[in-house]
Amino acid sequence: MSSLTTETLVRMANDISNFFRIQPEGDAVAGTADHIRRFWDPRMRAKMAEHLAHGGAGLNAIALKAAERACKPSEPSKTAAEFAPLVVDVRPKGGEHT
């Protein structure tokens, strides 16, 4: 991955979108985004997200929309405290054992 430049990622995204361009635009964007999500390493998507933050130069219209969908910066993980309300005690009350 380290050898992949931003220019290479732009070319790859454009190539993928060119495969899908015969479909209606919405389907082409969805297909391109799905391919990027499934087959690009998270570091590749992060590098593309950085490129998008600087305007996404060089991406064709379909690749740009797909990259915006597939390369969003990931949301921070939930902490244990945020999951605490979801924890349910299923132990029997009063020390009963079954």
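Read the figures in this text as sums done on the coordinates, not as results from a lab. This structure is a prediction, so every number in the text was calculated from the model and none was measured. Here the Cβ positions follow ideal geometry from the backbone for every residue, glycine too, while neighbour counts run over all protein chains shown.
Computed over the alpha-carbon atoms, region 1-42 gives an Rg to Rh ratio of 1.02, Rh here being the Kirkwood radius from the mean inverse distance.
The residue among 33, 58, 46 whose Cα reaches farthest toward the positive pole of the charge dipole of region 6-74, with charges on the beta-carbon of Lys, Arg, Asp and Glu, is 46.
In region 6-74, a dipole from Cβ-located charges (positive for Lys and Arg, negative for Asp and Glu) runs towards its positive end, and of 22, 9, 71 it is 71 whose Cα lies farthest in that direction.
Judged by the mean number of other Cβ atoms found within 10 Å, the most tightly packed of the peptides 13-21, 28-36, 47-55 leads the ranking 28-36, 13-21, 47-55. For region 6-74, the calculated P(r) over all alpha carbon pairs, in 10 Å bins from 0 to the bin holding the longest distance, is 25, 60, 15, 0 percent.
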